[in-house]
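The structure appears right after this line, and notes come after that.
The values are calculated or read from the model by the stated rules, or taken from the named source; none is laboratory data. Quantities reported herein were computed from a predicted structural model and do not represent experimental measurements. Glycine also receives a Cβ, built like all others from the backbone with ideal geometry; neighbour counts cover every protein chain displayed.
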Amino acid sequence: MIKRTMGRILLSLLVITGLAGTLNSSTISTKERKSATSLLKDSKAGILDAVRGLHSEQLNFRKDINGPSIRECILQAATNEHQLWKQLQSTLKKQANPEMRKQIVLTDDQLLQNAEKGNFATTVLPAGILYDYASVEQAITAFRKERTEHLKYMKMTTEDLRNHVLHTPSGWIDCYQLCLVMAADCAHLEKVINGLKQDPRFPE
């Protein structure tokens, strides 16, 4: 009787703390969780550090007439963060479709490499489109707030990210991989920003 009672208490604690999901085989592994969390955290810090302290002339600098400015990269990062998360939540609300996993051709590492090079297209607004942010400061604030929330989610979620599969313009991926795209896309924009800052014509 005592053993049964203790078992119930332990299970209740697991549910309360969110650790019950570790008992579910459909939950992402500890390694996957740590990897995604680390990528999301590092890419957040990277892009925020890259844009810190820039003035208006620097924000609007572009290498050529068709190239992006730092301002546009910031707006793109904030927009991607919001839109990709909406895409994730929308997919998770649908029934799991593990039978579609056979359509996924990219490994996590391959996906990251493509996205970090800017070669993985999503359904977010393309560069050049006007975004729903009144200023760069507003976009940075929105990005920081949403990424912080998404990091908390990744640390605690017990949802079946691997068996919810979605189609993108670049092919089929699962919801865990979509989280990787969020991080890698941000890392790509950070590289673009740092490339602009290293240009010899970059304003002082």
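Can you find, within the stretch 49-72, the residue that is nearest to Cys179 (Cα to Cα) among those that are in a loop (DSSP other than H, G, I, E, B), among the hydrophobic types (A, V, I, L, M, F, W, C) and modelled with pLDDT of 95 or more?
Among residues in the stretch 49-72 that are in a loop (DSSP other than H, G, I, E, B), among the hydrophobic types (A, V, I, L, M, F, W, C) and modelled with pLDDT of 95 or more, the one nearest to Cys179 (Cα to Cα) is Leu54.
Quick one: in the stretch 88-111, of everything that is touching a strand residue (DSSP E or B) at 6+ places or on another chain (Cβ under 8 Å) and part of a helix (DSSP H, G or I), which residue is nearest to Ser69 (Cα to Cα)?
Result: Leu111.
Considering (1) part of a helix (DSSP H, G or I); (2) modelled with pLDDT of 95 or more, say which one Trp172 fails and leave the rest.
Among (1) part of a helix (DSSP H, G or I); (2) modelled with pLDDT of 95 or more, Trp172 violates only (1).
Would you check if Phe120 is buried (at least 22 other Cβ atoms within 10 Å of the Cβ) and farther than 23 Å from Leu106 by Cα?
In short, no.
Count, please, the residues in the stretch 76-111 that happen to be in contact (Cβ under 8 Å) with a residue 40 or more places away in the chain and farther than 13 Å from Ser170 by Cα.
Result for the stretch 76-111: 21.
Which residue pairs have Cβ atoms closer than 6 Å, lie 6 or more positions apart in sequence or on different chains, and pair a first residue in the stretch 158-178 that is within 12 Å of Pro98 (Cβ to Cβ) with a second residue that is surrounded by 22 or more Cβ atoms within 10 Å (Cβ to Cβ) and among the hydroxyl-bearing types (Ser, Thr, Tyr)?
Listed pairs, sorted by first residue: Leu161/Tyr176; Arg162/Tyr176.
Conditions (1) assigned to a loop (DSSP other than H, G, I, E, B); (2) more than 12 Å from the chain's Cα centre (by Cα); (3) surrounded by fewer than 16 Cβ atoms within 10 Å (Cβ to Cβ), marked per residue:
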position: Gln113; (1), (2), (3): no, yes, yes
position: Lys155; (1), (2), (3): no, yes, yes
position: Arg162; (1), (2), (3): yes, yes, no
position: His167; (1), (2), (3): no, yes, yes
position: Tyr176; (1), (2), (3): no, no, no
position: Cys179; (1), (2), (3): no, no, no
position: Ala184; (1), (2), (3): no, no, no
position: Leu196; (1), (2), (3): no, yes, no
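Do we have any residue at all in the stretch 118-128 that's among the hydrophobic types (A, V, I, L, M, F, W, C) and more than 17 Å from Ala78 (Cβ to Cβ)?
yes
Taking into account only those residues within the stretch 91-108 that are surrounded by fewer than 11 Cβ atoms within 10 Å (Cβ to Cβ) and within 30 Å of Ala139 (Cα to Cα), which is nearest to the chain's Cα centre (by Cα)?
Only one residue tops the list, namely Lys93.
Would you say Gly46 is modelled with pLDDT of 95 or more and not in a helix (DSSP H, G or I)?
no
Say we look at the stretch 47-59 and pick out the residues that are within 20 Å of Ala142 (Cα to Cα) and of a type outside the set (A, V, I, L, M, F, W, C); which of these is surrounded by the fewest Cβ atoms within 10 Å (Cβ to Cβ)?
Gly53
Per-residue answers, yes or no, for (1) modelled with pLDDT under 95; (2) β-branched (Val, Ile, Thr); (3) more than 30 Å from Ser56 (Cβ to Cβ):
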| site | (1), (2), (3) |
| --- | --- |
| Thr91 | no, yes, yes |
| Met100 | no, no, yes |
| Pro126 | yes, no, no |
| Ala139 | no, no, no |
| Phe143 | no, no, no |
| Glu149 | no, no, no |
| Cys179 | no, no, yes |
